[in-house]
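What follows is calculated from the coordinates using simple rules that are stated; it is not laboratory data. Keep in mind the model is a prediction, meaning the values are calculated, not measured. All Cβ positions, even for glycine, are placed from backbone atoms using ideal geometry, and neighbour counts span all protein chains on display.
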Amino acid sequence: MLRLSSFAEGAAIAVSAIRSQKLRSALTILGIVIGVATVMSMASIVQGIRDQIFNTLEVVGPTTFRILRFLSSTPLNPDALPREVRIRPVLTEKEADAIERMPEIHYSAIWMGVFESLEFEGVHTQLTVIYGADDRFMEILGGAITSGRTFVPTEVRGAASVVILEEEAAERVFGVVNPIGRTMRIGGTPFRVIGLYRLPENIFQAPGQEIAAIVPYASALQSFRYDETQSLVVLVKPRDGVTVDEAMDAATRQLRRMRGIRPGEPNSFDMLTSDEVLEIFNQLTGVFFLVMIVLSSVALMVGGIGVMAIMMVSVTSRTREIGVRKALGATRKEILWQFLIEAATLTGIGGAAGIAVGLVSGELLKGLMGLSSGVPVWSAVLATAVSVSIGLIFGMIPANRAARLDPVEALRYE
């Protein structure tokens, strides 16, 4: 009962102090609010992107893997490639077709990804993603044709100047005009619009990386400038009942045979599975989240120092009160507990406000980024625990000072 009574009393005293010193208290807990809100917002964004990645991998299929000329964690300068990259052959359509003929493989095709602008009657877009693919691209991307049609095999083989536009990109370029059958320019090259495409709801798109259009691979090869190392990728999907490892072994054997790689020599290509894509993403977001944690920790530290300062002032201004309480029988432990609860209440209020701000800012940021997941519960729990812990830790020094006051000296204090 003593602890419950002390807790209620300490909380009441803390609330009373905040009301009497509104500006000072607001400035004190502002650092707590900023730190907690930052943790909440960043956790919300990271969780939203991670959920989108998981959902996209489900659309593509966890068994789909990619073959690259060279896998690099950082962008490469195409005009100054390292020797280990230059000695590797460029991926070709012939290699992708040969892999598809393997009995273990369901789908294999070479794709190109470039950044180009879209244009129609004076309306231009910023640089956006254009894919060069085949007529079976929806087996990888998912989604659906909502108007018009997809490519036919003759258009794919003949490098026809046709394009399938993503719906939002079509609206930005054509407005209310029906784009089907009309000719537009992509990177300065004319293409006839034959269809509109809707991406699946859970496709992952970082801001500025939205898929705007898909053209036949051979058309992209002829029409656009591209990076032979970073723009080309062979996408491979195993047959039902075939594991990813078995399919990767089959693709490896075929490529090594076609490239004349002798036993014991290293591969002249790299492979990337969906799990590895997720692992790379987790590494990137892990670093990003760590930086945000460090930044928010600085704000929390500043808030904690502010709490310690205000509690030191509180102890000094209430020295006689402490003396009276001790004279009436309050123990050192009770005094210590009272001021710890008061400090924890201050930071708890800051934590609650920070959670509210973090929820709102997280939802706003997710809306701007087109993410759909909710705020993770663990971030709210962590933020609350951290804010209260800061109150207890930084409140320990002033609380201990109050508890150690000599009652006689405290009663004499003016």
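Using 1/(1 + (r/R0)^6) with R0 = 51 angstrom and r between the beta carbons of E265 and V313, what's the FRET efficiency to the nearest 0.05? That pair, E265 with V313, gives E of 0.10. Seen from a random direction on average, the alpha-carbon convex hull of the range 70-268 projects onto 12.7 square nanometres.
Of the peptides 142-150, 264-272, the order by per-residue mean of other Cβ atoms within 10 Å, starting with the highest, comes out as 142-150, 264-272. Of the peptides 211-217, 249-255, the order by per-residue mean of other Cβ atoms within 10 Å, starting with the highest, comes out as 211-217, 249-255.
Here the extension length gained between V177 and I305 equals 40.0 nm, from 0.36 nm per residue of separation less the Cα-Cα distance.
On a per residue basis, the convex hull of the C-alpha atoms belonging to the range 112-180 measures out at 101 Å³. Estimated at 0.36 nm per residue, the fully extended path between M258 and E119 surpasses their Cα-Cα distance by 46.0 nm. Ordering 172-180, 67-75 by mean Cβ neighbour count within 10 Å, with the highest value first, yields 172-180, 67-75. A Förster radius of 60 Å combined with the Cβ-Cβ distance from D249 to M396 puts the calculated FRET efficiency at roughly 0.50. Taking amide H as placed 1.01 Å from N in the peptide plane, the amide H of S147 sits under 5 Å from that of L196, each at least 5 places away or on another chain.
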